[in-house]
Amino acid sequence: MKNKYDEIKEKQRLEKKSRTDLLTGLLNKQAFEKEVREYVEAHPTESACFVFIDMDHFKDINDTFGHSVGDQVIRETAKKLQLLFKNFDVVGRFGGDEFCVFVKDIPRDTLIDRLRFAVKKMEQEYTYQGGSVKLSASIGAAYCKRNTVGYKELMDAADAAAYQAKDNGRNCYIIKDVE
């Protein structure tokens, strides 16, 4: 028979499990959306940016080295993103090799510096059992000076910007200003 303390701990464990991506420990897509929506509602006058990160050539990692190495690369990418973005920003994994970050209250110039640095840090060559794959990131960002834009509009603009970054040769970022 569980005591009240054990029940509370179990409830907290299950709640955390339902909000996180099992592979990375980052927020899952649903929890990410909920946190961003709540923040935007509570802080309508602050600037913000929705960042969509798609790993370039990730399929080559799985095809060349196998899925266990691919999983390790996903975990490493998640750790990099947690280091690149501040503790109060929201970092999540949307699935596969796609990640999202919601950057709170950031001037555009600071955002540019941070995205430039992120592109540089995400670039890495993986060598394993005689094979080699160069991994990088295409990053799309939807920036708004005030949180008057809805979640879906921000996400769609960031996603479109990430596709544009891929079309521009990958390993770069594109920022779309959204009003």
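Around I106, which amide H atoms from residues at least 5 apart in sequence, or from another chain, sit under 5 Å from its own amide H, with H modelled in the peptide plane?
Placed amide hydrogens put S47, A48 under 5 Å from I106.
For the chain, what does the helix formula give at 222 nm: sum of -39500 (n - 2.57) over DSSP H segments with n ≥ 4, over the residue count, nearest 500 deg cm²/dmol?
-16000 deg cm²/dmol
Once amide H atoms are placed 1.01 Å from N in the peptide plane, what residues at a sequence separation of 5 or more from D56, or on another chain, have their amide H within under 5 Å of its amide H?
Those qualifying (amide H under 5 Å, at least 5 residues apart or on another chain) are S136, A137, S138.
For Cα Rg over 2.2 N^0.38 Å, the choices are (1) 1.83; (2) 1.26; (3) 1.11; which was calculated from the structure?
(3)
Between E76 and K120, take the C-beta separation as r, use R0 = 22 Å, and let me know the FRET efficiency to the nearest 0.05.
Working: r = 15 Å, r/R0 = 0.70.
With R0 = 22 Å, the Cβ-Cβ based efficiency is 0.90.
Grab the Cα-Cα distance for Y128 and F88, subtract it from 0.36 nm times how many residues apart they are, and report the gain in nm with one decimal.
Extra length from Y128 to F88 when fully extended: 10.9 nm.
So what are the ³J(HN,Hα) numbers for segment 48-55, from phi and the Karplus equation (6.51, -1.76, 1.60; θ = phi - 60°), rounded to whole Hz, Gly and Pro as x?
Once rounded to whole Hz, the list reads 7, 9, 9, 10, 10, 10, 10, 6.
Please give the solvent-accessible surface of L23 in Å², to the nearest 10, using a probe radius of 1.4 Å with every protein chain present.
Rounded to the nearest 10, that gives 40 Å².
Could you compute how much accessible surface K59 exposes when probed at 1.4 Å, giving the result in Å² to the nearest 10?
For K59, the solvent-accessible surface is approximately 140 Å².
Which residue, G92, G25, G130, has the most motion in a Gaussian network model of the chain that connects Cα atoms within less than 10 Å?
G130
Collect residues whose amide H, placed 1.01 Å from N in the peptide plane, falls under 5 Å from the amide H of L26; neighbours closer than 5 in sequence don't count.
D21
Rounded to whole Hz and in sequence order, give me ³J(HN,Hα) for segment 106-118 from the Karplus expression 6.51 cos²θ - 1.76 cosθ + 1.60, θ = phi - 60°, writing x for Gly and Pro.
10, x, 4, 4, 5, 4, 4, 4, 5, 5, 4, 5, 4
Placing +1 at every Lys and Arg Cβ and -1 at every Asp and Glu Cβ, with all other atoms neutral, what dipole size does the chain have around its Cα centre, in debye to the nearest 20?
In debye, rounded to 20, the chain gives about 560.
Using a 1.4 Å probe and ignoring any ligands, DNA or RNA, find the accessible area of E10 and quote it in Å² to the nearest 10.
60
Can you put T110, T20, T127 in order of accessible area, largest first, using a 1.4 Å probe?
Largest accessible area first, the residues go T127, T110, T20.
Which whole-Hz couplings ³J(HN,Hα) result when phi for each residue of segment 134-149 is put into the Karplus expression 6.51 cos²θ - 1.76 cosθ + 1.60, θ = phi - 60°, listed in order with x for Gly and Pro?
9, 10, 9, 9, 9, 10, x, 10, 10, 9, 9, 6, 9, 7, 9, 9
Just to be sure I understand the model, the point goes 7 Å from the Cα along the line to the Cβ. What's the resulting T110 to K9 distance in nm?
Reported label-point gap for T110 and K9 is 3.9 nm.
The values are calculated or read from the model by the stated rules, or taken from the named source; none is laboratory data. Since the structure is predicted, the reported quantities are computational estimates derived from the model, not experimental observations. Note that we place each Cβ from the backbone using ideal geometry, even for glycine, and neighbour counts take in every protein chain shown. These area figures cover heavy atoms from the full protein model, side chains too; ligands, DNA and RNA do not enter into them. Shrake-Rupley method; radii C 1.70, N 1.55, O 1.52, S 1.80 Å.
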